[in-house]
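The values are calculated or read from the model by the stated rules, or taken from the named source; none is laboratory data. Predicted, not measured: the structure shown is a model, and the values here were computed from it. Every residue, glycine as well, gets a Cβ built from its backbone with ideal geometry; the counts of neighbours run over all protein chains shown. Just so you know, the surface numbers come from the protein's heavy atoms only, side chains and all, with ligands and any DNA or RNA stripped out. Shrake-Rupley method; radii C 1.70, N 1.55, O 1.52, S 1.80 Å.
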Amino acid sequence: LETYMRTASRLDQNQILIVATLRKIGATVQSLATVGNGCPDLLVGFNGINYLMEIKDGDKMPSAQKLTSDQVKWHIEWRGEVHIVRSIYDAFEVLGFA
């Protein structure tokens, strides 16, 4: 339980809302938050396409929304797409609802 609480406390506050809303529109969502080492927070499946999403809290100061050094390294080394999502509207845009 203590490990879960430590992990949960690191989640950005908007992640719970983003996950719930994505599921409500029919997306499947797998949390990757416990993987660590800069791996994005969410794997999202929607209309046959997989999306990697790094969740940042858009209500925080810009300095608090920066990627960690591990995240920067992961994003540079990943040979696919990864999206930084600060709101449900960002998530919708990633899924093509722009």
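Observations on the model:
- Of (i) 49, 24, 16; (ii) 51, 35, 30; (iii) 33, 31, 26, the label for Cα extents along the principal axes in Å derived from the coordinates: (iii)
- Per residue, the accessible area of the chain comes to 68 Å², computed with a 1.4 Å probe over protein heavy atoms only.
- Other residues whose C-beta falls under 11 angstrom from the C-beta of residue 52 contribute a net charge of -3, scoring Lys and Arg +1 and Asp and Glu -1.
- The relative contact order of the chain comes to 25 percent, based on Cα pairs under 8 Å that sit 6 or more residues apart.
- Inter-centroid distance (Cα atoms) of the range 61-98 relative to the range 36-51, Å: 11 Å
- For the chain, hydrophobic long helices are taken as DSSP H runs at least 30 Å long by C-alpha position along their axis with mean Kyte-Doolittle hydropathy of -1.0 or more; none is present.
- Gyration tensor verdict on the range 35-85 (Cα atoms; rounded if a/c is under 1.5, prolate if a/b is larger than b/c, oblate otherwise): oblate
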